[in-house]
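Notes follow the structure.
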Amino acid sequence: MHNNKKTDLILDSMQKLMQKKEAKSISVSDIAKEAGIGKGSIYYYFKSKEEIVDAVIERSYSDAIKKAEELVQNPELDAQTKMEIIFRTCRDSSIELSRQEAGSYLELQQSALLHQQYIYIMIRNLRPILADIIRQGNQEGTITCKSPEEAAEIVLIILTIKFDKYLSNSDTIQAQKTLDVFTYMLETSFHIEKGRLDYIWAE
């Protein structure tokens, strides 16, 4: 993508249209009309409508992900503190997704698509960061994990789904019980000091 202003215009237009109707009923022509540009211009920046949808979702959380990336690069922070930043990013991003939906018109199918793409994007972006944090913890002696990449993916899958009230489909009490067990498993498997992960559920 060579022109940030043009891509932002396309994404803004798609986001406006998605607030009015289902993504599946929106055509590239509709996006072009909303943006006030030619249809060919859209294909210059995006290969398909699906790629535009992905970009809209990713842009919504790019600031949170970028902030997390910057914070975990701080050499003065230990692995446990960096892990907390990542976990809080997952939780806060999920809350933001729910907030955005509250003011939008979304059919169930479209809402499910957004939530699934949100999880995919969060895992794709945060997995390498969390894996590096786990490696740092191994070096510090505060975490014990032989497979950082795989462990990071598993942790992020659980967190993003359980923090997502739409996909987890469980009430607050059940969700808290699940996260309590998850916390215990992390403390036990990673040999993390008991109580260091209590923030996972804290609102």
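On a per residue basis, the chain carries 55 Å² of accessible surface, using protein heavy atoms and a 1.4 Å probe.
Considering only VAL155, ASN4, LEU179, the residue lying farthest towards the positive end of the dipole of the chain is ASN4, judged by Cα position with unit charges set on Cβ. Using r as the Cβ-Cβ distance of ILE95 and ASP30, and R0 as 30 Å, what FRET efficiency do you calculate, to the nearest 0.05? Efficiency computed from Cβ-Cβ geometry: 0.50. Our estimate of slack between SER189 and LYS177, defined as 0.36 nm per intervening residue step minus the Cα-Cα distance, is 2.5 nm.
Using just its DSSP H runs of length 4 or more, each adding -39500 (n - 2.57), the chain gives a mean residue ellipticity at 222 nm of -24500 deg cm²/dmol after division by all residues. In the chain, if the dipole is taken from +1 on Lys/Arg beta carbons and -1 on Asp/Glu beta carbons about the Cα centre, which of ASN125, ALA35, GLN19 is farthest to the positive end? So the residue we want is ALA35.
Heavy atoms only, probe 1.4 Å: what % of the accessible area of the chain goes to carbon and sulfur, would you let me know? With neighbouring chains kept in place, the figure for the chain is 51 percent.
Relative to the dominant Cα principal axis of the chain, helix 49-72 is inclined by about 40°.
Note on the chain: along the principal axes its Cα atoms extend 57, 38, 24 Å, ordered by decreasing extent.
The angle between the Cα long axis of helix 108-140 and the longest principal axis of the Cα atoms of the chain comes to about 40 degrees, rounded to the nearest 10.
Taking the Cα centre of the chain as reference, the dipole from Cβ charges on Lys and Arg (+1) and Asp and Glu (-1) amounts to some 680 debye.
The values are calculated or read from the model by the stated rules, or taken from the named source; none is laboratory data. Quantities reported herein were computed from a predicted structural model and do not represent experimental measurements. So basically every Cβ, Gly included, is an ideal-geometry build from the backbone, and we count neighbours across all protein chains shown. Surface accessibility is based on the protein's heavy atoms, side chains included, excluding ligands, DNA and RNA. Shrake-Rupley method; radii C 1.70, N 1.55, O 1.52, S 1.80 Å.
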